[in-house]
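The structure under discussion appears below in the form of structure tokens.
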Amino acid sequence: MIRDPESFNLLLDTIERFVRERLIPREAEVADTDAIPADILADMRRMGLFGLTIPEEYGGLGLTMEEEVRVAMAFCRASPAFRSIIGTNLGIGSVGIVLDGTAAQKTKYLPRLAAGELIGSFALTEPGSGSDAGSLKTSARREGDYYVVNGTKRFITSLLICEAGSSDQALVDIPVTHLLFRDETEAIESTLAHGRLVIDVLIREPMNG
């Protein structure tokens, strides 16, 4: 549903111009450096692109599904890498917090995700499973006020630049649950081997964090 056609068309026109004038001319640079240029990221933050779907009360634009799809189609006229950098913040990087997060988690994370201060990531894929969350082997064991998470993840979008992450984990007593964790260098180790991002995860995170 398009809630306010006039306002949405202004937004869409702005994004289409940004894609045409700023993103497409930088595609070769992104391919060569394997990174989104800092000035492009700054423009994206200034335009509010990291918070397009995050509710307005947390600093986002709260786009509807139809509005988001039309924006995504405009974005994807350029390299998918540009859409990918904001994609997890708009979808799986924030929706779990929006739907099931505590009030404290929403207040803590959503405004920073919407502003692009945090880049979200979603650690699902493992060596033995793709998007089948029921087949995950990673385990989470509760120790007092902490969960100890052990497992291997691969092909995780934005992992090396994310500051807020989440992961579906297979538990002994609960088939599939969802954990939210902060990026801590002593907790997450990652290496790039043979073009594949392989993450061996050992995370200690307060359950109420």
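The values are calculated or read from the model by the stated rules, or taken from the named source; none is laboratory data. These numbers come from a predicted model, not from an experiment. We place every Cβ from the backbone using ideal geometry, glycine too, and count neighbours over all the protein chains shown.
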Task: Odd one out for Thr53, checked against (1) within 30 Å of Phe8 (Cα to Cα); (2) β-branched (Val, Ile, Thr); (3) free of Cβ contacts under 8 Å to residues at least 40 places away in the same chain - done: (3)
Task: Subset of segment 9-50 [under 22 Å from Leu110 (Cβ atoms), touching a residue at least 40 places away in the same chain (Cβ under 8 Å) and in a helix (DSSP H, G or I)] - done: Leu11, Ile15, Leu41, Met44, Arg45, Leu49, Phe50
- [ ] Being more than 27 Å from Val98 (Cβ to Cβ) and within 18 Å of the chain's Cα centre (by Cα) narrows it down to one of Ala35, Ala42, so name that one.
- [x] Ala35
TODO: Pairs only if they're at least six apart or on different chains, beta carbon under 8 angstrom, first in segment 135-153 and more than 22 Å from Thr125 (Cβ to Cβ), second of a type in the set (Asp, Glu); list them, first residue then second.
DONE: Tyr146/Glu205
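Consider segment 19-52. How many of its residues are closer than 19 Å to Val69 by Cα and touching an Asp or Glu at 6+ places or on another chain (Cβ under 7 Å)?
We begin by selecting, within segment 19-52, every residue closer than 19 Å to Val69 by Cα; these are 19-20, 23, 44, 47-52.
Narrowing the set further to residues that are touching an Asp or Glu at 6+ places or on another chain (Cβ under 7 Å) leaves 52.
Of the residues in segment 19-52, 1 are closer than 19 Å to Val69 by Cα and touching an Asp or Glu at 6+ places or on another chain (Cβ under 7 Å).
Can you go through Leu124, Leu118, Leu63, Leu90 and tell me which one is surrounded by 15 or more Cβ atoms within 10 Å (Cβ to Cβ), at pLDDT 90 or above and among the hydrophobic types (A, V, I, L, M, F, W, C)? Walk me through it before giving the result.
On the way: Leu124 fails: at pLDDT 90 or above; Leu118 fails: at pLDDT 90 or above; Leu90 fails: at pLDDT 90 or above.
That would be Leu63, the only listed residue that is surrounded by 15 or more Cβ atoms within 10 Å (Cβ to Cβ), at pLDDT 90 or above and among the hydrophobic types (A, V, I, L, M, F, W, C).
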- [ ] Considering (1) more than 21 Å from Ala42 (Cβ to Cβ); (2) surrounded by 13 or more Cβ atoms within 10 Å (Cβ to Cβ), say which one Ala103 fails and leave the rest.
- [x] (2)
Open item on the list: Of everything in segment 56-68, what is in contact with a helix residue (DSSP H, G or I) (Cβ under 8 Å, 6 or more places away or on another chain), in a helix (DSSP H, G or I) and under 19 Å from Thr14 (Cβ atoms)? Give them in sequence order.
Closed with: Glu67, Glu68
TODO: Being assigned by TED's automatic domain parsing to the domain that holds Val95 and at pLDDT 95 or above narrows it down to one of Phe18, Phe75, so name that one.
DONE: Phe18
